[in-house]
Amino acid sequence: MRTGIFFYYQEGNRLRDFPNALEGILERESVFFYDAFYPSKPASSFDLNPVSYEALLQVHTSEMIEEVRRAGVFEGALLSASGTIRAAEKIGRGEIDNAFVFTGYGDHHAGPDFFGGGCYFNGAGIAIQELRKGYGVKRFAIIDTDAHHGDGTWEVFRADPDVLYVCFCGNPDWEENNKVDIHVSHRITDDIYLEMVRKTLKPRLRRFRPEILFWNWGYDGTKGEYGDIGLSPHFHILLTKEVKEIADEICRGKFIIVLCGGSRRDLAHHLIPRMIEILAEAKRPH
Ligand SMILES: [Zn+2]
Ligand SMILES: [Zn+2]
C-alpha cells in the first residue's frame, strides 16, 4: 500500500512531537509526506494549498464561512480541511491507497450552517463532493469513533443516501437514510466496543459497498481524556487493524484516517506512528 501523510503544523501541545515522531516511517519508499503550513519554511515548499471558496460552498453556506472568518481561524481551518481533500484527490487519481490526515481543527461538528467544538470546515464533506465531481466516485462511507456525536457530518449528508455515516456515540441507536447512530455506553471496555464494530459496522459496510472509506478518528474517549469512556490506548491500535481489514475487503484498501478529538500529547505520540505503520504495511489486495 502507498500511504500519504497529510501534515498540518499548528501551535499547541498535542502534535508538538510531530513530524519528528514519524522517524523511521517517513523514510519508507511507500510513504509520502505532504505538509500544509509551516511558518519558517518558504512558501514554495508548502505541498498543500488552502481549500478554495467554491469548494467550501459545496458544503457550507456563505454566512457560515463569514462567521468562521470572523472567529479568526480562517486560514488554519482552510489548511486543516485541505489535508483531507488532497488525500481524497490523490486516492481518486490512484497516486496513493490510504492516508492519515493531521488536522488542526476537526470535521464532524462542522455542519452546513453551524460549527463548534473546535471544528470549522467539514473536510470529509468537501472531499466527498470533490470526488463526485472530479473522479466519478459514487458511494462513500464515513465512520466516526470520536467520543462525541458528529452533528455536523450528520447534517451535511442527512438527505444523501449515497453517503453511509456510522457514528459511534452516546446517542441512542438510530437510523435514517443511511445515517446511523450506534449507542456507546459512557463506561465501556475495549472488547465490548470492538465486538460492536465487528457486529454492527462490518456487515453494514459489506452491504453498502462504498468505494472509499473515511474514518473520523478521535482518541478523546480514552481513559484520562476529556471524553473518557474507559477505552485503553491499545484499543485504537486494534480498531485500526479492524478498519483496515474491512477497507481491504470492501474498497481495495482505499481509506483515510482523519484526526478528530483528543488532547494528550503522550497519546498522540504513542498512537499515531503505530496507526500509520498499520496503514503502510497493508498489502494491496488483488
Ligand atoms: Zn469528541
Ligand atoms: Zn452519533
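What follows is calculated from the coordinates using simple rules that are stated; it is not laboratory data. Since we're looking at a predicted model, the values are computed, not measured. Methodologically, a virtual Cβ is constructed for each residue, glycine included, from the backbone with ideal geometry; neighbour enumeration extends over all protein chains shown.
Quick notes on this one:
- Residues in region 121-157 that are among the charged types (D, E, K, R), in a loop (DSSP other than H, G, I, E, B) and surrounded by fewer than 15 Cβ atoms within 10 Å (Cβ to Cβ): Lys138 alone.
- Residues satisfying the stated conditions in region 1-30, i.e. of a type in the set (A, V, I, L, M) and assigned to a helix (DSSP H, G or I): Ala21, Leu22
- Single condition Glu95 does not satisfy, out of (1) more than 16 Å from ligand 1 (Cβ to nearest atom); (2) touching a residue at least 60 places away in the same chain (Cβ under 8 Å); (3) closer than 22 Å to Leu22 by Cβ; (4) crowded, with 22+ Cβ neighbours inside 10 Å: (4)
- Tyr219, sole failed condition from (1) touching a helix residue (DSSP H, G or I) at 6+ places or on another chain (Cβ under 8 Å); (2) outside any loop (DSSP other than H, G, I, E, B): (2)
- Qualifying residues in region 167-198 (those that are surrounded by 16 or more Cβ atoms within 10 Å (Cβ to Cβ) and either among the aromatic types (Phe, Trp, Tyr) or closer than 13 Å to Ile229 by Cα (or both)) - the one farthest from ligand 2 (Cβ to nearest atom): Asp190
- Residues that are more than 15 Å from the chain's Cα centre (by Cα) and within 16 Å of ligand 1 (Cβ to nearest atom) within region 152-182 comprise Cys169, Gly170, Asn171, Asp181, Ile182, listed in sequence order.
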